[in-house]
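Asker: Below you'll find the structure I mean.
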Amino acid sequence: MILNLFASRPDHLLGDAKELKRVLVELPLDNAFKAVDEVYGWFESLMAADDFRVDQLFDVIRQLDEAAQPHVRRLARDYVHSPRLSRSEERRLWTMCYNYCGEVSSLYARCVERVRKAPKDKGSELLKPSLPLAATRLMAARATQLKWVEYRYGPIGEDLWRGLGQSYLAAEAAGYVQKPVQLYPAQPVLTSVEQQYLQALIVFSSSMDSLMPLEIELADRLIAHFRSGFVLANTCLPDSVYWVDAASGAPPARLARLPGQLSPALRFFSPGSVPQALNELIGHVERGEVPADINLGGEYPAKVLLPVLRHLAINWATEPPQREHPRHTVKTRIAVLQGFDDSFTVFAGDVARLGKERAAESWVVENVSRGGFGASVDDRGSLKIGTLLSMQPEGGENWVLGIVRRYNMNSDVQSSVGIQSLSRNARSIELRPRTSGFSATGAIPGIWLYEDSKPGEARMVLPLASFDVRENLEFAQGGRRYLMTPIELEESGGDFEIGRYRETVMD
């Protein structure tokens with residue numbers, strides 16, 4: 001123990017450069033979860049290590065973080081691109097990635113704070129050239145944490161907002177808030193503390209609660225692409241749209257609600273010239289062109305990209321999105337069944353629906369409009385945006401077909417849900433391909449959105465992968481036969497899709 005008083009390296013395994021190199025080399029290449037878990041374990045041990053000189057501590061954290069990043073990205077891809085994950089696997093991936101971001105951000109924050117408290121120490125002097133990198137990685141990790149919360153539609157706590165805002169203010173006071181750095185070796189685009197703070201502000205302000213996880217990931221990448229066009233200012237400019245008190249721990253808000261009092265930590269931001277550039281990109285994608293300079297992490301068809309682009313265009317407009325129909329506060333219950341199969345059974349008729357009604361969930365409706373409902377749900381994260389619902393108001397006889405459009409987890413067991421009504425007079429029918437003859441087998445179950453179509457057209461809810469633009473369908477209803485000529489696929493959900501058809505009465 002006496003010898004350690006004079007040792008030139010910390011009393012920690014990773015204080016030995018050879019041991020650190022061995023740990024990095026032995027990270028498993030074929031098991032991303034295990035690799036991240038191992039690095040996370042080393043991070044936990046470093047949180048308790050007090051004898052590192054601060055520049056040495058930063059160097060160890062930096063190398064571990066850089067070695068883990070490819071594996072963290074792999075886990076994120078698995079999470080976003082595997083919609084059929086079991087709940088336990090989904091939670092396992094989410095917890096690891098979220099906790100990794102939290103731990104590495106805390107370690108970088110520890111380095112920055114030690115320099116602030118002891119700026120004249122030898123380690124502090126040696127670390128000062130790398131402070132912009134440490135602070136930017138800190139901000140990027142916290143912004144990524146915020147994105148992971150958005151993936152699960154959870155509330156973003158004061159601690160995360162305060163950690164983002166205070167780190168931004170500290171970097172501003174230290175004079176390197178706008179210092180460009182290369183975040184990681186594999187990411188050539190330069191960024192800064194301010195840019196990463198702005199990323200978090202824009203992500204939150206873009207209403208991610210109505211997007212699926214893959215759409216959230218695409219929105220996040222599009223925000224990173226357009227971020228430099230946004231304007232963050234200390235004063236309210238004529239085109240400012242949002243404000244935030246960086247020291248308060250509160251989220252950003254639209255200027256429709258003004259700050260309660262002036263504060264040196266108030267910041268204002270606006271989309272600047274981004275809406276014009278975004279509209280130009282929408283035009284390119286509609287023509288089947290995706291500019292090569294946009295890093296989306298992969299190639300995506302227009303039908304996947306366009307809804308995200310249009311969503312961002314609405315939320316980045318100078319005028320906030322307006323509700324199509326006024327809401328009315330109510331307190332009532334509705335019986336709810338989820339999924340295409342149960343919905344088809346419900347709208348097939350009274351006899352078929354009896355068994356399903358007994359299995360219905362009970363939700364509390366808190367507001368209602370002509371376009372849908374807002375409800376409170378006892379839910380542990382299993383409900384997803386895009387889920388098809390059949391709903392029956394308490395005491396009523398009719399059923400309403402709808403889709404979950406917004407989802408927010410208020411706690412571990414309760415969520416708020418926004419539901420769009422599709423039809424109050426839907427009908428279950430059996431469709432058959434025109435080429436097979438009307439008496440042929442192989443009927444396709446469908447739900448006819450009877451009253452919600454343009455004249456001469458019909459909208460059908462079908463099982464997933466049933467719509468074929470090359471195939472006409474026909475069905476019989478009320479003593480008549482109908483021919484359905486495909487026009488377009490409007491939407492796809494977890495187990496259903498909605499097709500639009502030209503409707504012809506055959507007899």
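The values are calculated or read from the model by the stated rules, or taken from the named source; none is laboratory data. Owing to the predicted nature of the structure, the values given are computational and were not obtained by experimental measurement. With ideal geometry, Cβ positions are generated from the backbone for all residues, glycine too; neighbour counts draw on all protein chains shown. Please note that ligands, DNA and RNA were not included when accessible areas were found on the heavy atoms of the full protein model with its side chains. Shrake-Rupley method; radii C 1.70, N 1.55, O 1.52, S 1.80 Å.
Asker: Tell me whether the stretch 132-280 comes out rounded, prolate or oblate; compute the Cα gyration tensor, take square roots of the eigenvalues as a ≥ b ≥ c, and use a/c under 1.5 as the rounded threshold. Don't skip to the answer; put the middle values down first.
Answerer: Values: a/c = 1.21, a/b = 1.05, b/c = 1.16.
Taking the square roots of the gyration eigenvalues as a ≥ b ≥ c, the stretch 132-280 is rounded.
Asker: In the neighborhood of Ile294, defined by Cβ-to-Cβ distances under 13 Å, what is the net charge if each Lys or Arg adds +1 and each Asp or Glu adds -1?
Answerer: That works out to -3.
Asker: Under a Cβ-only charge scheme (Lys and Arg +1, Asp and Glu -1), can you give me the dipole magnitude of the chain about the Cα centre, in debye to the nearest 20?
Answerer: I would put it at about 540 debye.
Asker: Still on this structure, please answer the following. Just need the Rg to Rh number for the stretch 9-76, please, alpha carbons only, Kirkwood Rh. All intermediate terms of the calculation are to be shown ahead of the outcome.
Answerer: Values: Rg = 11.9 Å, Rh = 12.2 Å.
Reported Rg/Rh (Cα atoms, Kirkwood Rh): 0.97.
Asker: Next up: Once fully extended, how much extra length lies between Glu366 and Gln414, figured as 0.36 nm per residue of separation less the alpha-carbon to alpha-carbon distance?
Answerer: Contour length minus Cα-Cα distance gives 15.9 nm.
Asker: Could you check the simple spin-label distance between Lys384 and Asp468, using points 7 Å along Cα→Cβ, in nm with one decimal?
Answerer: 2.5 nm
Asker: Starting from the 7 Å offset along Cα-to-Cβ, what nm value, one decimal, do you get for the label separation of Asp16 and Asn425?
Answerer: 8.0 nm
Asker: While we're here: Set the Förster radius R0 to 22 Å, insert the Cβ-Cβ distance between Tyr300 and Glu491 as r into 1/(1 + (r/R0)^6), and round the FRET efficiency to 0.05.
Answerer: 0.85
Asker: For the stretch 20-26, what does the Karplus curve 6.51 cos²θ - 1.76 cosθ + 1.60, with θ = phi - 60°, yield as ³J(HN,Hα) per residue in whole Hz, taken in order and with x for Gly and Pro?
Answerer: Residue by residue, the stretch 20-26 yields 4, 4, 4, 4, 5, 5, 8 Hz.
Asker: Leaving ligands and nucleic acids out of the surface, order Val231, Val112, Val25, Val193 by accessible area at 1.4 Å, largest first. Kindly include the intermediate steps, with their values, before the conclusion.
Answerer: Values: Val231 55, Val112 30, Val25 110, Val193 0 Å².
Heavy-atom accessible area, descending, gives Val25, Val231, Val112, Val193.
Asker: Extension gain Gln63-Gln477, at 0.36 nm per residue separation less the Cα-Cα distance, in nm?
Answerer: Full-extension gain reported as 142.3 nm.
Asker: Also: Using the beta-carbon distance between Val290 and Leu190 and R0 = 25 Å, what value does 1/(1 + (r/R0)^6) give for FRET efficiency, to the nearest 0.05?
Answerer: 0.60
Asker: Give the residue list of trypsin sites (Lys or Arg not before Pro) in the stretch 21-100 that are DSSP loop and have at most 15 other beta-carbon atoms within 10 angstrom.
Answerer: Passing sites in the stretch 21-100 are Arg84.
Asker: All other residues with a Cβ under 13 Å from the Cβ of Arg227 taken together, and with Lys, Arg as +1 and Asp, Glu as -1, what is their net charge? Kindly include the intermediate steps, with their values, before the conclusion.
Answerer: On the way: positive: Arg221; negative: Glu194, Asp220.
Once all neighbours under 13 Å are counted, the net charge is -1.
Asker: At most 11 other Cβ atoms within 10 Å and a DSSP loop assignment: could you name the trypsin sites (Lys or Arg not before Pro) in the stretch 398-507 that fit?
Answerer: Within the stretch 398-507, the qualifying trypsin sites (Lys or Arg not before Pro) (loop, at most 11 other Cβ atoms within 10 Å) are Arg470.
Asker: Which net charge results for the neighbourhood of Leu146, defined as the other residues with beta-carbon distances under 12 angstrom from its beta-carbon, given Lys and Arg at +1 and Asp and Glu at -1?
Answerer: Residues close to Leu146 contribute a combined charge of 0.
Asker: Right, here's the next one. Rounded to the nearest 0.05, what FRET efficiency do Ala247 and Arg327 have when you use their Cβ-Cβ distance and R0 = 45 Å?
Answerer: Efficiency at R0 = 45 Å is approximately 0.85.
Asker: Where does the chain land at 222 nm, in deg cm²/dmol rounded to the nearest 500, when only DSSP H runs of n ≥ 4 count, each adding -39500 (n - 2.57), divided by all residues?
Answerer: Calculated mean residue ellipticity at 222 nm is -12500 deg cm²/dmol.
Asker: Pairs Lys21/Lys122; Lys34/Lys120; Lys18/Lys128; Lys331/Lys384: which are spaced more than 29 Å apart, C-alpha to C-alpha? The partial results should precede the final answer.
Answerer: Numbers: Lys21/Lys122 24 Å; Lys34/Lys120 39 Å; Lys18/Lys128 25 Å; Lys331/Lys384 23 Å.
Pairs exceeding the cut-off: Lys34/Lys120.
Asker: Ok, one more. Can you pull out the trypsin sites (Lys or Arg not before Pro) in the stretch 267-309 whose DSSP state is coil and whose Cβ has at most 11 other Cβ atoms within 10 Å?
Answerer: Answer in residue order: Arg287.
Asker: Right, another one. Each label point is 7 Å from the Cα along the Cα-to-Cβ direction; what then is the distance between the points at Ala317 and Ser263, in nm?
Answerer: In this crude label model, Ala317 to Ser263 measures out at 3.1 nm.
Asker: Where a ≥ b ≥ c are the square roots of the eigenvalues of the C-alpha gyration tensor, would you call the chain rounded, which needs a/c under 1.5, or, failing that, prolate if a/b is larger than b/c, or oblate?
Answerer: prolate
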